[in-house]
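Data block below; observations after.
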Amino acid sequence: MRTRLLVTTAAIAAAFHTVPARAQQAPVVTEGPLRAHLSFLADDLLEGRGTGQRGGDLAVHYLETQAAVMGLKPLQDGSYRQPVHFRGTKLLPGSSIAFRTGNTRMTPIVGEGVLIGTGSGKASLSFDAPLVFVGYGATAPEEKWDDYKDVDVKGKILVMMVNDPQPTAEEPNRFAGKAYTYYGRWLYKFEESVRRGAAGALLIHTTPSASYPWSVPANGFGHERFHLNKEGNQVEGWLHEDTARDLFKSAGFDLDELRAKAESRDFRPVDLKTTAHVELRSAVRQVEQFNVVGIVPGLDPKLKEQAVIYSAHWDHLGIDEGVRREGKTDHTYNGAIDNASGTAALLAMAAAAVKSPAKRTQIFLWPAAEEQGLLGSAAYVANPAWPLNQTSADLNLDSMNFVGRTRDIGVAGAERSSLYETAGVVAKKMGLTLAPLIPDLSGAYFRADHFNFAKAGIPAFNVGSAVFSGDGHFTFEKNQQASSDKLVAFKKDYHQVTDEYHADWDLSGMVQQAQFTLNLGYAVANDAKMASFKKGDPFANVKR
């Protein structure tokens, strides 16, 4: 049953019948508004736009105010806010996990050797559970792969690797070859452990397999974490590779040997002959946060019943009170690139789009809680402001180009759908080429809000995310090496307090990226047909 937030086409027609039939080509995005929004959203005043924090509330209020000022239309109830309800859980001192094998006991330091938390919503947990190594923890029928076989893992803590089974000479394309699939993501592995009734899951971290250093999950588990209000793991977290190696050795196993065995379809779960004793103390609260939604109604009498979505999450990691208490000067995770950049770009794009509507309706969506596991976009898809079967595409912006104009544009993920061909036409008109498609080694396609739309059968991808490439496939108009070096250097700022706005940034490339996205959105919005996934893609068979 849909809530009152669902926008009916009849309501749109009645509310917006006065919109004049203006030009249907994409209007121009300008740098001034984009820079102004970016500098404000990334300012210390916004306190890092943390989920469930004052800064997050300020960001939502700013977005809805700007939406009203520029003339975006609200939801049917007159609000720009779509509520998202979830629970927040913050690990408290005294929490621990200890491993016992025979007479050997290991108690790794939380935050250093192990990261733990709960998705259960319980403030206090104390229990014992056996450990089972389940390889990659993947069940993929289309790959004829099942790491669990017929083993009952209920009530057990699952230890597993990150990423997917690796390609072989005989099967170079299994699990998308060297690229990531959704089965490789931490989110899938936690979800699968819940589906199987396990007590929890611990992921073995390596920088190559996760595609990011230990500091990234450490920061995440060091903050308050959020889950939608549904069943979750009693314990979930990460094992540092050194901890995992010592743990396996104490149980009489060689970690590398078991990892090698897990590369085979014949792999079966391995009882590690080890029991974990878990003590978790958490501060748990219910949180209401908001997606922000603004609408530019379409002009075509029939096509206006369909929509194109532009999305960019507004949240970041907020203020770290633990760092504040330690007396450190900087305790604000400003999130200038991730993702004040996309949030600001969407505002600049929306202000332009209001002046020149397209045939289809355009929806500007700022999801909440992306950093917490794409929760805001998941909530939107579960309760959409526009019918999913009338939504042509989602074009997402996250961590944008801040180092200058390029001669090509990244469209990784667009090749799954008709959006790729459309993007090629748009790029050519702008004097751009499409950046070469490369294997998705970091699972980027599954790490941003567009993925929830793809799972719902809506063609979607993240447009031109150059910041984390570091592989030189983006070509810059000026100072190419210096620009590439800046992008690579940003990796050390990712999810750190150093992701701050700098007034000397060259935003010409960000404006270019925003303009390409808007141009592509208009091409989709004015097309006679809705966008569609290509035959054979896993999402092509999803019924919207």
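Principal-axis analysis of the Cα atoms of the chain puts helix 480-489 at an angle of about 50° to the longest axis. Amide H contacts of His316 (H built 1.01 Å from N, in plane; Pro and chain starts excluded): Gly50, Thr51 sit under 5 Å, all sequence-distant by 5 or more or on other chains.
Close amide H partners of Ala201, meaning residues 5 or more places away or on another chain with modelled amide H under 5 Å apart, are Leu158, Val235, Glu236, Gly237.
Dimensions of segment 346-454 along the principal axes, based on C-alpha atoms and rounded to the nearest Å, stand at 38, 38, 28, largest first. Extension gain for the segment Asn479 to Lys535, taken as residue separation times 0.36 nm less the Cα-Cα distance, is 16.1 nm to one decimal.
The calculated P(r) of the chain, using every Cα pair and 10 Å bins from 0, goes 4, 18, 28, 26, 16, 6, 1, 0 in percent. Across segment 46-60, rounded Karplus estimates of 3J(HN,Hα) from the backbone phi angles (6.51 cos²θ - 1.76 cosθ + 1.60, θ = phi - 60°) give 8, 6, x, 6, x, 4, x, 10, 4, x, x, 5, 5, 4, 4 Hz, Gly and Pro being marked x. What separates the Cα centres of segment 133-176 and segment 478-524 is a distance of 36 Å.
Taken along the Cα-to-beta-carbon direction at a fixed 7 Å, the label points for Leu45 and Glu112 span 4.1 nm. Scalar couplings 3J(HN,Hα) for segment 410-427, obtained by applying the Karplus form with A = 6.51, B = -1.76, C = 1.60 to θ = phi - 60°, are x, 9, 4, x, 5, 5, 6, 9, 5, 4, 5, 5, 5, 4, x, 5, 5, 4 Hz; x denotes Gly and Pro. Taking segment 263-294 and a reference point 7 angstrom along Cα→Cβ of Arg100, the backbone N atoms nearer than 17 Å belong to 272-280. Computed from phi, the 3J(HN,Hα) profile of segment 158-163 under the Karplus parametrisation 6.51, -1.76, 1.60 (θ = phi - 60°) reads 8, 9, 8, 8, 8, 5 Hz, with x in place of Gly and Pro. A straight Cα-to-Cα reach below 12 Å connects Lys261 with the aspartates and glutamates Asp147, residues fewer than 8 places away in its own chain not being considered.
How far is helix 342-354 tilted, in degrees, relative to the longest principal axis of the Cα atoms in the chain, given as a value from 0 to 90 rounded to the nearest 10? Approximately 20 degrees, to the nearest ten. Cα centroids of segment 232-299 and segment 378-420: 28 Å apart. Each listed q (0.11, 0.14, 0.18, 0.19 Å⁻¹) maps to a log10 I(q)/I(0) for segment 89-284 from the Debye sum over equal C-alpha point scatterers, namely -0.46, -0.76, -1.28, -1.43.
Taking 27 Å as the cut-off for C-alpha to C-alpha distance, list the pairs among Lys144/Lys455; Lys455/Lys486; Lys230/Lys455; Lys178/Lys529; Lys302/Lys355; Lys73/Lys428 that go past it.
Lys455/Lys486; Lys178/Lys529; Lys73/Lys428
Taking label points 7 Å from Cα along the Cα-to-Cβ direction, Glu263 and Glu31 give a separation of 4.9 nm. Placing dummy labels 7 Å off each Cα toward the beta-carbon, the span from Trp214 to Asp254 is 2.4 nm. Can you tell me, using C-alpha contacts under 8 Å and at least 6 residues apart, the relative contact order of segment 89-284 as a whole percent? Averaging sequence separation for qualifying contacts and normalising by length gives 41 percent for segment 89-284. Amide H to amide H distances under 5 Å link Tyr136 with Met161, where only residues 5 or more positions off or on other chains count and H is placed in the peptide plane.
Every read-out reported here was derived from the displayed coordinates using simple, explicitly stated rules and does not represent laboratory data. In this text, all values refer to a predicted model and were calculated from it rather than measured experimentally. Please note: Cβ atoms are built from the backbone with ideal geometry, for glycine as well, and neighbour counts cover all protein chains shown.
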